[in-house]
Amino acid sequence: INHIVHNGGLYKRPFNEAFEETPMLVAVLTYVGYGVLTLFGYLRDFMRQWKIEKCQNATEREEQKDFVPLYQDFENFYNRNLYMRIRDSWNRPICSVPGAKVDMMERVSHDYNWTFTYTGRVIKDIINMGSYNYLGFAQKTGACQEAAAKVLSQYGAGVCSTRQEMGNLDKHEELEKLVARFLGVESAMAYGMGFATNSMNIPALVGKGCLILSDELNHASLVLGARLSGATIRIFKHNNMQSLEKLLKDAIVHGQPRTRRPWKKILILVEGIYSMEGSIVRLPEVIALKKKYKSYLYLDEAHSIGALGPSGRGVVEYFGLNPEDVDVMMGTFTKSFGAAGGYIGGKKELIDYLRTYSHSAAYATSMSPPVVEQIITSVKCIMGEDGTTVGRARVQQLAENTRYFRRRLKEMGFIIYGNEDSPVVPLMLYMPAKIGAFGREMLKRNIGVVVVGFPATPIIESRARFCLSAAHTKEMLDTALKEINEVGDLLQLKYSRRRLVPLLDRPFDETTYEETED
C-alpha cells in the first residue's frame with residue numbers, strides 16, 4: 001500500500017509512505033517454517049521431560065511440581081525452542097562509543113546459544129547501522145564531551161536525591177527552560193528515564209472514568225502507562241484516521257459502558273515515528289480530529305525529535321504545525337541527543353501539575369549532571385546557539401542519508417516499510433531462519449545490524465531495522481548497501497514486486513515504479 005497524501009490542504013508537503021503487501025508464497029513458507037520449528041520444539045520438550053535431552057531452561061523445583069506452573073506459557077516455549085536458536089543475534093556487547101563505527105567483543109557458544117564465552121578478541125571498526133544515534137552526538141570527543149567532563153568535575157556523577165528534595169540543580173532548571181524554548185512551548189520538565197516518562201506520567205493525567213485511544217503499534221512504555229492509569233483503553237488501527245474517528249464518535253455518542261455518562265477525558269496516544277514500522281504519524285489529521293471531538297492529544301516524539309523537521313524540532317515542525325495544538329509533547333534524550341532521560345512539554349499549568357503528581361518527579365532520582373550537560377550542549381548546537389551551523393548541517397545530513405539509503409534499498413528489490421523521510425528503515429525478512437542468518441552474515445562483513453522478531457513484531461513480520469545517522473558518510477552507506485545487496489542475494493530476501501527503476505537523470509527526491517513479473 002503506497003500513500004501519497006495531500007488531503008484537502010491539511011498537509012503542506014507530500015506524505016509518502018509504503019507498506020508493500022507480503023507475497024503469498026513468502027507468507028505461506030513463513031508459516032510452514034514456524035510450524036516445523038514448533039513441531040521440533042514439542043519433540044525437544046518431550047525429550048527434556050523424559051531426561052533424554054538436558055533441560056537448561058528455567059523450571060519449577062521438584063517440591064513445587066503441584067503448584068500453578070510459572071514457566072509453561074507459550075512465550076517461554078518460544079524462548080526455549082525458537083529464540084534460543086538465534087540468540088547470538090542479540091545482546092552483542094560493544095566496547096566503544098556507539099558512533100558511526102563500533103568495536104565489538106567476540107563471543108562464541110558451545111551449547112547452542114544457552115551460554116556464551118568471550119574469546120578475548122575485539123572486532124574493530126564495525127559500521128554501526130543499529131544505534132539511535134540520529135544526529136551523531138554519541139561521541140567521545142568534541143564540545144559535548146568537553147562540557148560534560150567539566151560538569152562531572154564540578155558536580156560529580158550522581159545527585160542522590162529526587163527533584164522535590166535535595167536533587168534540584170541549577171543545571172536541571174537550565175535544561176528545562178532550554179527544552180521549552182526548543183519545542184516552542186510554555187514549560188517543560190525533564191526526567192531521568194525515557195521509558196518512565198511515559199509509564200509514570202500517563203497515570204498522572206488520566207484515571208478511572210477516562211478513555212485512552214491508543215494506536216495499535218504504540219511503544220511498550222505507552223501501553224504500560226495506559227494500563228497503569230486504570231482508564232479504559234481502546235485501540236485504533238495503525239495511522240488509520242477512519243478507525244480513530246469511529247472510536248471518537250462512539251465514545252461521545254455512547255459514553256461510558258453501563259452508566260452512559262460522558263467520559264471525564266478522552267486522550268489520544270500516538271508516536272511521532274513508529275520505531276518498528278518507520279512510519280510517521282498523520283499528525284495534521286490527528287489534530288483536526290482532536291479539535292473536532294474536543295479530546296486531548298499525547299504525542300511521543302522519542303524517535304522524531306531531532307530527526308525530523310528543517311531545524312530538528314520533530315514531527316510538529318515537519319508538518320509545519322503549531323506546538324500549542326499538541327496538549328502533551330513527550331520525547332526522549334536517548335536518541336538524537338546522545339544522552340539519557342526524557343521530557344514532557346506543554347502549558348505551564350500542565351507542567352506544574354506534573355511536578356507535584358508525577359511519580360517520576362516525586363520518587364525517581366534526578367538526572368546525572370554530566371548527562372544534563374550533554375543534552376544542553378547538543379540542543380544548543382542544534383539551535384545554533386553555540387555560534388556554529390554544525391547542528392543544522394547534521395539535521396540536513398541525516399535527511400539526505402535517509403532518502404539515499406531508502407531509495408537504494410528499494411532499487412535493489414527489498415521490501416522496505418515506512419515513510420521516505422523516516423531514519424528508521426525496516427527491511428523485511430519474514431522467515432525465522434533468515435533472522436539469525438542475516439545478522440550473522442552482516443557481522444561477518446563488519447556491518448552491525450539489529451534484527452527484530454516476535455514478540456516485538458507480528459510473528460510472520462520479522463525484519464532487520466537500520467537506524468541512520470548524520471555521522472554516516474556516503475562511503476559508509478555505500479559499503480553497507482553493497483554488503484546488504486550481497487547478503488540479500490545470498491539469502492533470497494529481494495521479495496519486492498515494485499522495484500524502483502534507477503535512472504541516472506532522475507531528480508534526487510522523485511520516485512519511479514516499475515511493476516515486475518512475479
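The values are calculated or read from the model by the stated rules, or taken from the named source; none is laboratory data. Fair warning: this is a prediction, and the values are worked out from it, not measured in the lab. Because the Cβ atoms are built from the backbone with ideal geometry, glycine has one as well, and the counts that use them run over all protein chains shown. Each accessible area value is taken on the protein alone, full model and side chains, heavy atoms only, with ligands, DNA and RNA left out. Shrake-Rupley method; radii C 1.70, N 1.55, O 1.52, S 1.80 Å.
Below is a table of values for the structure above.
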quantity	calculated
Per-region count, region 437-468, residues under 14 Å from the mean Cα position of the chain (by Cα), small (Gly, Ala, Ser) and either assigned to a strand (DSSP E or B) or at pLDDT 95 or above (or both)	1
Meets criteria (surrounded by fewer than 24 Cβ atoms within 10 Å (Cβ to Cβ) and touching a Pro at 6+ places or on another chain (Cβ under 7 Å)) for GLU277	yes
So SER275, is it out of contact with any Lys or Arg (no Cβ under 9 Å at 6 or more places or on another chain) and polar (S, T, N, Q)	no
Out of ALA148, ALA188, sole residue that is at pLDDT 95 or above and over 23 Å from the mean Cα position of the chain (by Cα)	ALA148
Of all residues in region 328-349 being among the basic types (Lys, Arg) and more than 27 Å from GLN145 (Cβ to Cβ), the one that is most open to solvent (accessible area, probe 1.4 Å)	LYS348
Count of residues meeting criterion [assigned to a loop (DSSP other than H, G, I, E, B) and either free of Cβ contacts under 8 Å to residues at least 60 places away in the same chain or closer than 12 Å to GLY448 by Cα (or both)] in region 74-130	20
Neighbours by Cβ (under 9 Å, 6+ apart or cross-chain): first from region 175-189, of a type in the set (Phe, Trp, Tyr); second open to solvent by less than 30 Å² (accessible area, probe 1.4 Å)	PHE182/ALA188; PHE182/ILE305; PHE182/GLY312; PHE182/GLY345; PHE182/VAL379; PHE182/ILE382
Qualifying residue in region 400-414 (condition: more than 22 Å from the chain's Cα centre (by Cα) and either outside any helix (DSSP H, G or I) or without any contact (Cβ under 8 Å) to a residue 24 or more places away in the chain (or both))	yes
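Conditions (1) among the acidic types (Asp, Glu); (2) assigned to a helix (DSSP H, G or I); (3) assigned by the TED database to the domain that holds ALA339; (4) surrounded by fewer than 21 Cβ atoms within 10 Å (Cβ to Cβ), marked per residue:
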| site | (1), (2), (3), (4) |
| --- | --- |
| THR259 | no, no, yes, yes |
| TRP263 | no, no, yes, yes |
| LEU267 | no, no, yes, no |
| LYS291 | no, yes, yes, yes |
| LEU299 | no, no, yes, no |
| SER304 | no, no, yes, no |
| ALA307 | no, no, yes, no |
| PRO310 | no, no, yes, yes |
